[in-house]
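J.: Have a look at the structure that comes next, please.
The values are calculated or read from the model by the stated rules, or taken from the named source; none is laboratory data. Please read all numbers here as calculations on a predicted model, not as lab measurements. Every residue, glycine among them, receives a Cβ derived from its backbone with ideal geometry; neighbour counts consider all protein chains shown.
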C-alpha cells in the first residue's frame, strides 16, 4: 500500500520553523510560540537571574504572575493573569521566556498593563533574554 505522506514535508517544516536552531532568540521555541526578534547579546553583559532577572520579575511581574495567587476568593487577585503563568522562580520563568520578551522587553510594553518599567529597564530585560537568561 502506498503511503500518503509527503516526503518533502520534513524539509518544508524545517525551513518553516528554522532548522538552524540556536535557542529561543534564534527562532526556536519549545512551546511552538512565536520567538522574539533576534537580539544580540553584548559580549560584556553582566546581567544574571540573581542581579537582574529575579529583582525585575519580583517588582514588575509576580504581583500578578505568582502561584501564590490562585484566583480563589478574589477574582481580581491575579488581574486576569492566567493561572499557571507564574514566575515564582527561574524554573517557572524559563517556560515563559519568549512570552515575557514579547510582552515586556525592549519596545514591547503590553506588560504590566498599568505601565511600569522604564525604557532602560525594558532594554536590560531584552539584553538578559538575548544572552539566554543566564542564572
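J.: Take the residues in segment 64-87 that are touching a residue at least 24 places away in the same chain (Cβ under 8 Å) and surrounded by fewer than 17 Cβ atoms within 10 Å (Cβ to Cβ), then tell me which one is nearest to residue 116 (Cα to Cα).
T.: Restricting to residues being touching a residue at least 24 places away in the same chain (Cβ under 8 Å) and surrounded by fewer than 17 Cβ atoms within 10 Å (Cβ to Cβ), the top hit is 79.
J.: Would you check if residue 71 is over 16 Å from residue 129 (Cα atoms), at pLDDT below 95 and within 13 Å of the chain's Cα centre (by Cα)? Explain how you work it out, then say what you get.
T.: Details: over 16 Å from residue 129 (Cα atoms): yes; at pLDDT below 95: yes; within 13 Å of the chain's Cα centre (by Cα): no.
So residue 71 fails the test.
J.: Restricting to segment 90-127, count the residues that are in contact with a helix residue (DSSP H, G or I) (Cβ under 8 Å, 6 or more places away or on another chain), surrounded by fewer than 17 Cβ atoms within 10 Å (Cβ to Cβ) and under 16 Å from residue 49 (Cα atoms). Steps first, answer last, please.
T.: As a first pass, look at segment 90-127 and keep what is in contact with a helix residue (DSSP H, G or I) (Cβ under 8 Å, 6 or more places away or on another chain): 90, 93, 97-98, 100-101, 104-112, 116-117, 121-122, 124-126.
Adding the requirement that they be surrounded by fewer than 17 Cβ atoms within 10 Å (Cβ to Cβ) leaves 90, 107-110, 116, 121.
Then drop every residue that is not under 16 Å from residue 49 (Cα atoms), which leaves 90, 121.
Residues meeting the conditions: 2.
J.: Another question, if that's okay. For residue 17, indicate whether it is under 17 Å from residue 122 (Cβ atoms) and at pLDDT below 50. Spell out the reasoning first.
T.: Values: under 17 Å from residue 122 (Cβ atoms): no; at pLDDT below 50: yes.
It is false that residue 17 is under 17 Å from residue 122 (Cβ atoms) and at pLDDT below 50.
J.: I'd like to check something: does segment 25-44 contain any residue that is outside any loop (DSSP other than H, G, I, E, B), modelled with pLDDT of 90 or more and either over 19 Å from the mean Cα position of the chain (by Cα) or surrounded by 15 or more Cβ atoms within 10 Å (Cβ to Cβ) (or both)? Spell out the reasoning first.
T.: Here is the first cut: in segment 25-44, the ones outside any loop (DSSP other than H, G, I, E, B) are 25-26.
Checking which are modelled with pLDDT of 90 or more leaves us with none.
No, segment 25-44 contains no residue that is outside any loop (DSSP other than H, G, I, E, B), modelled with pLDDT of 90 or more and either over 19 Å from the mean Cα position of the chain (by Cα) or surrounded by 15 or more Cβ atoms within 10 Å (Cβ to Cβ) (or both).
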